[in-house]
Every structure is written in structure tokens, then in C-alpha cells.
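Colleague: Please read through the structure below; I'll follow up with questions.
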Amino acid sequence: MNSRRSPLHDAHVSLGARLVDFSGWEMPLSYPSGTIAEHLACRTGAAVFDVSHLGTVRVVGPGTRELLQRTLSNDLDRIGPGRAQYTHLLDEAEGSVVDDIIVWWTGEDAFDVMPNASNTSGVRAAVGGVDVTEQRAVIAVQGPGARVALGAVAPDAAAVPRFATREFDFCGARCTAAGTGYTGEDGVECAVPVETARALWDGLLAAGARPAGLGARDTLRLEAGLPLHGHELGPGITPLQAGLGWVVGWEKPEFRGRDAVLAERAAGVRRRLRALVGAGRRPLRAGAVCVIGGEPVGEVTSGNFSPVLARGIGLAFLPPDVADRTLVTVEQGGSRLEAMVVAPPFHRLDLGAAPDAGERD
Amino acid sequence: MDIPEELSYTDDHEWVRAEGGRARVGITDFAQSALGDVVFVQLPESGATVAKGDTIGEVESTKSVSEIYAPVGGTVVEVNGALADAPEQPNTDPYGAGWICVLEPADPAELTTLLPASRYRTLVDS
């Protein structure tokens, strides 16, 4: 099967990007500066990501709000037109997360529903609408300097508030900006027509934003404690287990998976997603077994190295009653790492609370 | 791709520098480039006895984990402890400060079974 290519493919090649297959798309993993430099650029300045592989399903017309309200978990009554919302499509029977989605409510009866790349067709089947993924690029500018960089290129886009959406004109094209992202930093995501994408990308680089690949996107989201579908969300994993009860519109009379998640809320969750910081640099890895008091009690779902903490970090499902600061032994590949349960985001942790790095490795 | 002529290589993308009968070991420029940013190196135990092909350590990057194999059998006589605080050295200087360990070969003849630079270049170009 041929990989799909971003409208920005040529830009990535000319920057010397390492390209990898991601959910059927050939996308940049990193640029020559490397994942850690890209990660730190986003934490301290401005980084620009090509996230054109995300899906966009456009649903418009009378009754769309009601349809999405019945289908997706979060409550659109909490927001209004011109706002963005993180939401889930749940499995009807077990309440597990079929996909996690950002909805851009772009006009009174107009919504851009943005699933993960691999789930676009499934989400389209649930909400209807038209898959317009091929018609646009999505460029995410993230970091404390993101709005300054974007403001030099597209001032209207740079002024969009957090979790708001707005239209803006760029190079004669009608584009959409949203104050959303996946890095734990302030930032803006811009959906622009394919033929306009290169001009926005090049403009952002000229304004000082550093190109960052999917490698940095993953270390940034992990350091921010944000879930990734296929790891912290997916078949068998409910919003409550993932610590995302706020994504469920509990007051709504109807939505897919409602009975299942209400039943779980009444009975209590059997496990809960927690954050682990390692005592040393060694990355925690997905699949590693978590041991507390000599008993295997859970598993790491994602793990890597935190460039900000210079420690291994991970997310893991643990029993629901485990307290913060509990010590956990993580067994992976014949090694045993000491780690501690903490409250994310990792990059804002006071490491005085974590075990000393000198105790191990 | 930097492949110094004076070194020997393995098809696991390690290099060996013969130093008065001892073998200094590291990962090649190709290996570090493929791994991406190295964040942790698990070093072998100094004094350990190893057989050719044994796993003697691991190099972990933000992307993946890669094992280090003994290019020859023998005894680990020195390890690069500086990598504990500066694990990026295999990225920045793979044939210098990024070395992993030094082995005292049990059978020095094993050193002659390693790949010369020309054959290693053919391997990475293919």
C-alpha cells in the first residue's frame, strides 16, 4: 500500500527530515536537529508541526449539533459556535474509547470533527459528513513563542483564544485557526487549503518557529500527561479509567456508550491511569510491568525520556486506590527501575518530590 | 556517513579500535543516526567475562532501544562511565567520546574476523 503524503512533503524533504510511516502516512519523525532539540524548542520558544495526517470530517446543516450531541461523549452545551472541544466517540456496549477527537464548532450549523488518522473512516461512519482531509493541511504552532511567530505571518490567527476557533485570510485563502494543540503549551492549529500550506509553513520558519516532528510531538504529549489513542485510550479503556471523566457529558440524556459509563461510575473503576517518574534517566517503556509491594498490579502504556526533567517517565494503569508518591518497581526487559506515582504534567513537577537519581542505574 | 578507515566493524553497526591487543568498542555513525537522540546507555559490568555475540549493554533513544553485542569474546576491562551523565556522546562523537567499553580479547585472532571499513560501507550502502 502506498503511503499518503502531506501537502508539505517537499518541505520536509528539503529540511532533511527523517520520514516514517504513521497510520498510513509518510510523515516527519524528526529533523536534523533531533527530537530533544525540537522538544525543548517547543517548551521554550516556538515549534511548528505538520499534523495534516489528522482527519477532518466536515459535518454541516440543520440538526448537526443534535446529531453530535447524541453521538459524542462531551456536552456541546458547555460551549457554542466559534469554540473547540475535546470529546470521545465511545463504544455503545462497553463505553470504551473508540476515538478521541477535537471538534471545531466553526459556524452555527458547521463542525469540523478531527479524529486520529487511523480512525477517520470509523468516525465518519458515526457522525456522517464529508471527509475533507485531502483538501487541507493542518499546521500546529506550539510553545510560549507560538503566537508571536504566527502573529508575524497571520495576525488574525495568532489572536484566537484558547479553545476558540476563527476564520482568517492568508494568501487570499479562507483558513481556520483554533487555540488547540497536543503539547501542554499554548498554541494554535491552522487548517489551510493544500495550495496555501507551503506559504504558511515557510512563513512560520522565517518567523523563527523550529520545525518539529512526530517524535517530539510524542515526547511533548507524554511529558504533558496527555493520552494517545492506542496506548492510553482504545478498546477496553473507558474515559473514567483514563482519568478523563470531564470528557463525558454526564447530564446529557443520550449519547453513545452512556449506559456503560454510568454503570462504571456507579460501580467504581477497576484501574486508573497514573503518571510515573523514574529515579534516573532510563526511559520507561510501554508494556513494562508495574510492581507495588512485590505484587504485579499494572502495566506501563507509554514511556520515554522527559527532556525537561532528564528522567524516564511513563503513564501506567494502576489500581484505583494507589496514592501519589507511591513507589513502583517497573520491570522491563530484565531490568528493574524505581519510579514514583506523581501528578502530571511532568514538565511542571518539582523534582524535590521524586526519588534521587543516585539511588539507581 | 562517517566510516573511519582505520577501524573494524560488525554487521550490528558497532566499531572496534585495536589498541595494543585490546578492543575499544562503540556504535557507528550509521547506528547513532538511525537511533536518533540517545538518552540512556546501559553499560556492561567492568570485569565481566563475555562471549562473542553476547548482549553486553543497551543504547536507548527517544525512539527505540538497541542492544550492544560483544564484537569479540573476552573480559570487559573499562567502561565509559561519562555516558551516565552525557549519554548523547554516541550522537555527537560516535568514534571518540561516545565509546562504550574496552574488551581484553580471550582470543586475539577473533579481531581479524571483523569487517574492514570497505565492507562495512558496502553493508550500510545496500
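Colleague: In the range A:125-158, what count of residues is obtained for those that are more than 20 Å from the chain's Cα centre (by Cα), open to solvent by 60 Å² or more (accessible area, probe 1.4 Å) and within 30 Å of A:Arg43 (Cβ to Cβ)?
Modeller: So the answer is 4.
Colleague: Oh, and also: Hey, any hits in the range A:230-251 for a residue that's farther than 16 Å from A:Gly298 by Cβ and more than 22 Å from the chain's Cα centre (by Cα)?
Modeller: Scanning the range A:230-251 turns up at least one residue that is farther than 16 Å from A:Gly298 by Cβ and more than 22 Å from the chain's Cα centre (by Cα).
Colleague: May I ask you to list the residues in the range A:9-21 that are buried (at least 16 other Cβ atoms within 10 Å of the Cβ) and either modelled with pLDDT under 95 or part of a strand (DSSP E or B) (or both)?
Modeller: A:Arg18, A:Leu19, A:Val20
Colleague: Considering only the range A:60-74, how many residues are surrounded by fewer than 21 Cβ atoms within 10 Å (Cβ to Cβ) and not in a helix (DSSP H, G or I)?
Modeller: Of the residues in that region, 4 qualify.
Colleague: Between A:Ser30, A:Ser6, which is within 14 Å of another protein chain (Cβ to nearest Cβ) and either closer than 24 Å to A:Asp186 by Cα or open to solvent by less than 40 Å² (accessible area, probe 1.4 Å) (or both)?
Modeller: A:Ser30
Colleague: Might you check whether a residue that is under 28 Å from A:Thr35 (Cβ atoms) and in contact with a strand residue (DSSP E or B) (Cβ under 7 Å, 6 or more places away or on another chain) occurs anywhere in the range A:262-273?
Modeller: yes
Colleague: What are the residues in the range A:325-352 that are surrounded by fewer than 12 Cβ atoms within 10 Å (Cβ to Cβ) and within 24 Å of the chain's Cα centre (by Cα), if any?
Modeller: A:Asp350
For every residue, the table says whether it meets (1) more than 13 Å from the chain's Cα centre (by Cα); (2) under 15 Å from B:Glu110 (Cα atoms).
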{"site": "B:Met1", "(1), (2)": "yes, no"}
{"site": "B:Asp12", "(1), (2)": "no, no"}
{"site": "B:Arg17", "(1), (2)": "no, yes"}
{"site": "B:Val25", "(1), (2)": "no, yes"}
{"site": "B:Thr28", "(1), (2)": "no, no"}
{"site": "B:Val38", "(1), (2)": "yes, no"}
{"site": "B:Pro44", "(1), (2)": "no, no"}
{"site": "B:Thr55", "(1), (2)": "no, no"}
{"site": "B:Val65", "(1), (2)": "yes, no"}
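Colleague: Right, next: Residues being surrounded by 16 or more Cβ atoms within 10 Å (Cβ to Cβ), within 14 Å of chain A (Cβ to nearest Cβ) and assigned to a loop (DSSP other than H, G, I, E, B): count how many of those fall in the range B:33-60.
Modeller: The qualifying residues number 4.
Colleague: Let me ask another. Could you say which residue among A:Gly298, A:Gly314, A:Gly287, A:Gly303 is in contact with a Phe, Trp or Tyr (Cβ under 9 Å, 6 or more places away or on another chain), modelled with pLDDT of 95 or more and closer than 29 Å to B:Thr55 by Cβ?
Modeller: That would be A:Gly298, the only listed residue that is in contact with a Phe, Trp or Tyr (Cβ under 9 Å, 6 or more places away or on another chain), modelled with pLDDT of 95 or more and closer than 29 Å to B:Thr55 by Cβ.
Colleague: Looking only at the range A:35-46, which residues are surrounded by fewer than 22 Cβ atoms within 10 Å (Cβ to Cβ) and not β-branched (Val, Ile, Thr)?
Modeller: Those that are surrounded by fewer than 22 Cβ atoms within 10 Å (Cβ to Cβ) and not β-branched (Val, Ile, Thr): A:Ala37, A:Leu40, A:Arg43, A:Gly45.
Colleague: Something else: One residue is enough: does the range A:209-216 have a residue meeting the conditions within 18 Å of A:Leu54 (Cα to Cα) and either open to solvent by 40 Å² or more (accessible area, probe 1.4 Å) or touching a Cys at 6+ places or on another chain (Cβ under 8 Å) (or both)?
Modeller: yes
Colleague: Looking for whichever is of a type outside the set (S, T, N, Q), closer than 22 Å to B:Gly36 by Cα and either without any contact (Cβ under 8 Å) to a residue 40 or more places away in the chain or surrounded by fewer than 18 Cβ atoms within 10 Å (Cβ to Cβ) (or both) here; the options are A:Pro283, A:Pro307. Which one fits?
Modeller: A:Pro283
Colleague: Considering each residue of the range A:237-292, count those that are in contact with a Ser or Thr (Cβ under 7 Å, 6 or more places away or on another chain) and within 14 Å of another protein chain (Cβ to nearest Cβ), and give that number.
Modeller: The qualifying residues number 1.
Colleague: Consider the range B:8-32. How many of its residues are at negative phi and buried (at least 17 other Cβ atoms within 10 Å of the Cβ)?
Modeller: Residues meeting the conditions: 17.
Per-residue answers, yes or no, for (1) more than 14 Å from chain A (Cβ to nearest Cβ); (2) part of a loop (DSSP other than H, G, I, E, B); (3) of a type outside the set (A, V, I, L, M, F, W, C); (4) open to solvent by less than 10 Å² (accessible area, probe 1.4 Å):
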site	(1), (2), (3), (4)
B:Lys63	no, yes, yes, no
B:Ser66	no, no, yes, no
B:Thr75	yes, no, yes, no
B:Pro87	no, yes, yes, yes
B:Pro90	no, no, yes, yes
B:Gly98	yes, yes, yes, yes
B:Glu104	yes, no, yes, no
B:Arg121	yes, no, yes, no
B:Val124	yes, no, no, no
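Colleague: Going by the structure shown, is A:Gly55 in contact (Cβ under 8 Å) with a residue 12 or more places away in the chain, farther than 19 Å from A:Leu200 by Cα, more than 14 Å from every other protein chain (Cβ to nearest Cβ) and in contact with a helix residue (DSSP H, G or I) (Cβ under 6 Å, 6 or more places away or on another chain)?
Modeller: yes
Colleague: Consider the range A:84-104. How many of its residues are open to solvent by 10 Å² or more (accessible area, probe 1.4 Å) and in contact with a helix residue (DSSP H, G or I) (Cβ under 9 Å, 6 or more places away or on another chain)?
Modeller: Looking only at that region, the number is 8.
The values are calculated or read from the model by the stated rules, or taken from the named source; none is laboratory data. Given the structure is predicted, the values throughout are model-derived calculations rather than measurements. Note that we place each Cβ from the backbone using ideal geometry, even for glycine, and neighbour counts take in every protein chain shown. All accessible areas refer to the heavy atoms of the entire protein, side chains included, with ligands and DNA or RNA removed. Shrake-Rupley method; radii C 1.70, N 1.55, O 1.52, S 1.80 Å.
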